[in-house]
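The values are calculated or read from the model by the stated rules, or taken from the named source; none is laboratory data. Just so it is clear, the structure is predicted and the values come from calculations on it, not from any experiment. No Cβ is skipped: glycine too gets one built from the backbone with ideal geometry, and neighbour counts run over all protein chains shown.
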Amino acid sequence: MFRALVVEKDEESGRTSAGVKELALEDLPHAEVTVAVEYSTLNYKDGLCIGPGGGLVRKYPHVPGIDLAGTVEASEDARYRSGDRVVLTGWRVGEAHWGGYSQKARVRADWLVPLPEGVDTRAAMAVGTAGFTAMLAVMALEDHGLAPGHGPVLVTGAAGGVGSVATAILAHLGHEVVAVTGRTGQEEYLRGLGASRIVPREEFAEVTKKPLESEQWAGCVDAVAGAMLGRVLKQMKYGTSVAAIGLAGGPAIEGALITPFILRGVNLLGIDSVMQPYANRVRAWERIARDLPMDRLEAMIVPATLADLPQLGADILKGQVRGRVVVDVS
Ligand code: NDP
């Protein structure tokens with residue numbers, strides 16, 4: 001028997017409820033690799049799946065948790081052997097498939113990535129989908145020409161999961177990082193991650209009709225979209241790129257015009273972490289091992305247990321979680 005966070009749905013009222021339950025190995029869905037999960041984490045999507053589902057969960061009872069890290073216990077696939085340390089993010093695990101809020105998980109070998117040297121299972125979950133996505137965003141900006149010395153790089157939603165890790169990676173790589181936050185109390189935290197300037201969210205709140213604004217940013221990792229992305233695009237330096245990873249401020253790009261693209265050659269790079277091909281996953285985890293300073297990562301960690309998740313899930317949906325929650329499932 002082992003413990004997991006199980007979400008159940010009352011068919012009559014349609015209400016869901018989440019609680020820690022004992023499960024048996026036979027309860028797990030079939031897949032090639034059984035992982036003894038050590039840590040998981042918390043993302044916005046997890047908040048939805050712990051709560052009412054947000055249209056992501058197909059079937060109840062459900063075990064959420066879109067990320068997991070642990071040790072292979074048994075494998076029917078030649079690529080993995082008992083004792084291998086592995087990490088899993090994306091592939092709709094924790095949404096369409098049972099996920100990482102469990103002491104055991106059964107998953108497909110194709111979804112796993114071997115953990116690189118220097119990243120233990122706890123650090124891997126401090127990174128999680130949020131940090132993995134931040135790394136993919138930085139890699140995409142570099143692939144489109146960003147290098148240290150080009151000028152300030154903007155990070156929006158900076159005190160959130162993706163923003164925190166993006167700030168730490170970019171600062172470590174030698175970029176001047178400007179962090180946008182709506183939480184004034186987070187200045188010290190963001191400076192500790194390496195931000196050299198903090199800009200209040202309100203400065204990007206107004207939707208303007210101006211075709212362009214003065215050129216300021218050499219790159220941007222944007223977790224917010226909405227009015228903020230509309231403004232940021234008009235402020236990008238000539239030939240630079242924005243990596244768009246999220247929609248914390250709404251799904252539209254408000255006030256966006258074509259002018260930044262055709263008059264300044266600005267690129268809008270879409271970043272998806274869920275279906276990312278294997279080779280790029282391995283590349284991103286190797287870069288995380290090299291370019292994410294583990295002492296700064298430690299400063300972002302909020303420790304939690306399975307029993308804390310119902311409350312934390314509600315908190316993240318309200319934008320009230322700072323940094324990276326690491327869930328010890330033991
Ligand atoms: P968090 O909730 O941890 O962070 C989001 C941050 O955005 C908040 O901390 C806040 O930052 C800011 N924010 C929230 N609401 C608003 C608002 N109304 N207007 C402006 N800013 C706001 O989430 P994550 O960092 O985990 O994820 C960020 C986004 O990226 C989400 O939309 C998520 O769904 C998406 N995502 C996409 C992935 C992909 O594969 N593309 C992978 C992972 C996440 P602050 O307090 O500093 O203002």
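Miscellaneous remarks
So that you can scan it fast, the table gives a plain yes or no per residue for (1) over 14 Å from the mean Cα position of the chain (by Cα); (2) polar (S, T, N, Q):
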{"site": "Asp110", "(1), (2)": "yes, no"}
{"site": "Asp120", "(1), (2)": "yes, no"}
{"site": "Thr129", "(1), (2)": "no, yes"}
{"site": "Met139", "(1), (2)": "yes, no"}
{"site": "His144", "(1), (2)": "yes, no"}
{"site": "Ala158", "(1), (2)": "no, no"}
{"site": "Val165", "(1), (2)": "no, no"}
{"site": "Leu170", "(1), (2)": "yes, no"}
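- Scanning region 195-210 for residues that are more than 14 Å from Gly230 (Cβ to Cβ) and hydrophobic (A, V, I, L, M, F, W, C) yields a count of 3.
- In region 138-164, the residues that are buried (at least 24 other Cβ atoms within 10 Å of the Cβ) and farther than 22 Å from Pro200 by Cα: Val138, Leu141
- Within region 18-70, tally of residues that are among the polar types (S, T, N, Q) and at pLDDT below 95: 1
- Among the residues making up region 222-271, those that are over 17 Å from Val153 (Cβ atoms) and either crowded, with 19+ Cβ neighbours inside 10 Å or touching a Gly at 6+ places or on another chain (Cβ under 6 Å) (or both) are Ala225, Gly226, Ala227, Gly230, Ala248, Gly249, Gly250, Ile253, Glu254, Gly255, Ala256, Gly265.
- Any hit, region 207-216, residues being near the ligand (Cβ under 10 Å from one of its atoms), in the same structural domain as Pro152 (by TED's automatic domain parsing) and within 16 Å of Leu154 (Cα to Cα): no
- Condition check for Gly250: in the same structural domain as Gly161 (by TED's automatic domain parsing), within 11 Å of the ligand (Cβ to nearest atom) and on the phi > 0 side of the Ramachandran plot: yes
- Test: residue in region 93-103 that is among the hydroxyl-bearing types (Ser, Thr, Tyr), closer than 24 Å to Ala289 by Cβ, assigned by TED's automatic domain parsing to the domain that holds Ala18 and at pLDDT 95 or above: no
- Per-region count, region 253-271, residues on the phi > 0 side of the Ramachandran plot and more than 15 Å from the ligand (Cβ to nearest atom): 1
- Selected residue (criterion: surrounded by the most Cβ atoms within 10 Å (Cβ to Cβ)) from residues of region 165-181 that are under 14 Å from Cys220 (Cβ atoms) and near the ligand (Cβ under 8 Å from one of its atoms): Ala179
- Apart from one condition, Val274 fits all of (1) surrounded by 13 or more Cβ atoms within 10 Å (Cβ to Cβ); (2) without any contact (Cβ under 8 Å) to a residue 60 or more places away in the chain; (3) within 16 Å of the ligand (Cβ to nearest atom); the exception is (2).
- Scanning region 185-204 for residues that are within 9 Å of the ligand (Cβ to nearest atom) and under 27 Å from Met294 (Cβ atoms) yields Gln186, Leu190.
- Ala307 under 21 Å from Val37 (Cβ atoms), at pLDDT 95 or above and either crowded, with 19+ Cβ neighbours inside 10 Å or assigned by TED's automatic domain parsing to the domain that holds Asn43 (or both): yes
- Flag if Ala96 is over 17 Å from Leu306 (Cβ atoms), of a type outside the set (D, E, K, R) and over 25 Å from the mean Cα position of the chain (by Cα): no
- Residue count, region 284-330 (criterion: in a strand (DSSP E or B) and in contact with a Lys or Arg (Cβ under 9 Å, 6 or more places away or on another chain)): 4
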